[in-house]
1. Looking only at residues in region 247-273 that are more than 22 Å from residue 303 (Cβ to Cβ) and among the aliphatic types (A, V, I, L, M), which one is most open to solvent (accessible area, probe 1.4 Å)?
2. Among (1) touching a Pro at 6+ places or on another chain (Cβ under 7 Å); (2) modelled with pLDDT under 95; (3) surrounded by fewer than 19 Cβ atoms within 10 Å (Cβ to Cβ), where does residue 163 come up short?
3. What number of residues within region 115-143 satisfy the criterion of being in a strand (DSSP E or B), closer than 14 Å to residue 488 by Cβ and open to solvent by 10 Å² or more (accessible area, probe 1.4 Å)?
4. At least 1 residues that are surrounded by 15 or more Cβ atoms within 10 Å (Cβ to Cβ) and modelled with pLDDT under 90 in each: list the strands (runs of 3 or more DSSP E) lying fully within region 3-103 that qualify.
5. Just give me the residues in region 176-214 being touching a Lys or Arg at 6+ places or on another chain (Cβ under 6 Å) and either aliphatic (A, V, I, L, M) or surrounded by fewer than 24 Cβ atoms within 10 Å (Cβ to Cβ) (or both), in sequence order.
6. Go through region 228-246 and give me each residue that's of a type in the set (S, T, N, Q) and either closer than 30 Å to residue 523 by Cβ or open to solvent by 10 Å² or more (accessible area, probe 1.4 Å) (or both).
7. Would you please list the contacts, defined by Cβ atoms under 9 Å and residues six or more apart or on different chains, that run from a residue in region 128-157 that is under 16 Å from residue 43 (Cβ atoms) to a residue that is among the aromatic types (Phe, Trp, Tyr) and part of a loop (DSSP other than H, G, I, E, B)?
8. Checking residue 358 against (1) modelled with pLDDT of 95 or more; (2) under 25 Å from residue 242 (Cβ atoms); (3) among the charged types (D, E, K, R); (4) surrounded by fewer than 24 Cβ atoms within 10 Å (Cβ to Cβ), only one condition comes out false. Which one?
Amino acid sequence: MKDRLNLPSLLVALCCVSAAVAQDTVVQKNPIVVQARHAETSLAFRDLADVGWHNISKVMPEHDRSLNPHISGQRDTVAQTEILAPVSANTILNFDGITDSQAGGFVPPDTNASVGTTQVVETVNVAFAVYNKSTGAQIMAPKSIQTLYTPLGGQCATGNLSDPVVNFDKVAGRWVITMIAFNSNFSVNDACMAVSTTADATGTYHVYAFAYGKTLPDYPKVGVWPDAYYVTTDSFPNGGFFTGAESCVMDRTAMLAGNTAKMVCFQRGSGDFALVPADVDGATQPAAGAPNFQMDLASSTQLNLYKFHVDFVTTSNSTFTGPTKLTVAAYTDACSACIKQPSPGESLDSLGDRLMYRLAYRNFGDHESMVVSHSVKGTGTGNAPSAVRWYEIRNPNSSPVLFQQGTFGGGSLAAALWMGSIAMDKLGNIALGASASSATLKPSILFTGRVPTDALGKMESGKLIVQGTGVQQNSFNRWGDYSSMAIDPVDDCTFWYAQEYYKTNGSFNFSTRLASLKFTTCH
């Protein structure tokens, strides 16, 4: 077992089934273990006075690895050229969420939302709002998330915050709110965690701070798993150069009870970047004792698949195993300079060097399935500069295979697509949301999808959720860091997508949109 504070700074398938590459299994042991700083349960969020915004800069720091991008000299063999019928799903609710003026005036927005039994929660930058999922009515107006962490003291209470993620723990019926906190020179860095005591997101929370020492744990992503909450980050010691991804796990059982909790971590090398942990959807849980699955981009023709097993009693028994290499159709990262907004405007940050949130996991009984996406250079319909590559991986714990893959460029809209998010409903219908733009379409929000009877690797034509009427100007080329596609835990049919857009030209005046949608076959 290693103590974090003493750890030195560090460190082709077309559309059909492709098996994992045979290789030697590498098992990482000797994890880093951190005991959380824990405060008593907070007062009800709705009753807390808003503490406002503490961040010293209006532009959130951007930390990218200094490595070569994924560039293939081959054509994209799964680029979809067929234009199918409009997606057989319809929007139900479609309304504006948090705006920039309600979120402290920061960019990028880092738009993210999740859905619970009766509520939808949206987090944007350092703001938090709650809506009625049946009507869209706002239950709690946007409030600084830092308000929730005030009892912790330290960076979570007074420092700079960034990269919020909200998840609904479907089995426990609890909300999980995560952010990172840091001081001005990144010498003190924490992960701030809050777990609600009920399914009411405006109520009370157990709050925790996990210390990352002098390493900035950038770009956190969270997966809810039966045994723990899995959090992946990218390590930047003292806010400097990238040294590798880090995968950590928090003690879910302890945190649900409001007890003291520990965090168990594995620091990876610089070859791993932006790991995404599996996040459970659906009523059927993974098999008892199953590890959490995590993925990142390995190369222009391969994905990495890892397994994280944690033992909170004897932490030295915890292991991080892999990678298993999954061969995919060759692709080239979508480059930021290639995605141009209609004039006037700047190019947009595609974040084409990483898998996008979420890695949505579902157990169908006869097979397990995970779906995930990322932005690639577009070569399909319309030859737009950016498109969304998506994958379905099956049976990750036994004999992982790439069941299907495709590169989607908007269908009949023929727009540049980027910053997508993907999920699957209980029938196996897949929904994909993304930002969309073209010479005639200002940055807008699109969704598409497929049903199981569609040809493998194909998406139906996209539909607009909302058409943008403005462009981003002079905002440091920062469009956003992620969007989110979540699934309603009650009917297991209704998707909720959260993404940003602009109503008027400007630099710090984004709007966000929340939309629920459902396939006509799912009831």
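1. Top of the filtered list is 257.
2. Failing condition for residue 163: (3).
3. Count: 2.
4. In region 3-103, 18-21 are the strands (runs of 3 or more DSSP E) which contain 1 or more residues that are surrounded by 15 or more Cβ atoms within 10 Å (Cβ to Cβ) and modelled with pLDDT under 90.
5. Passing the criteria: 187, 195, 202, 209, 213.
6. Result: 238, 243.
7. So the pair list comes out as 144/53; 146/53.
8. Answer for residue 358: the failing condition is (4).
The values are calculated or read from the model by the stated rules, or taken from the named source; none is laboratory data. Given the structure is predicted, the values throughout are model-derived calculations rather than measurements. Backbone-built Cβ (ideal geometry, glycine too); neighbour counts: all protein chains shown. Areas reflect the complete protein model, heavy atoms only, side chains present, ligands, DNA and RNA absent. Shrake-Rupley method; radii C 1.70, N 1.55, O 1.52, S 1.80 Å.
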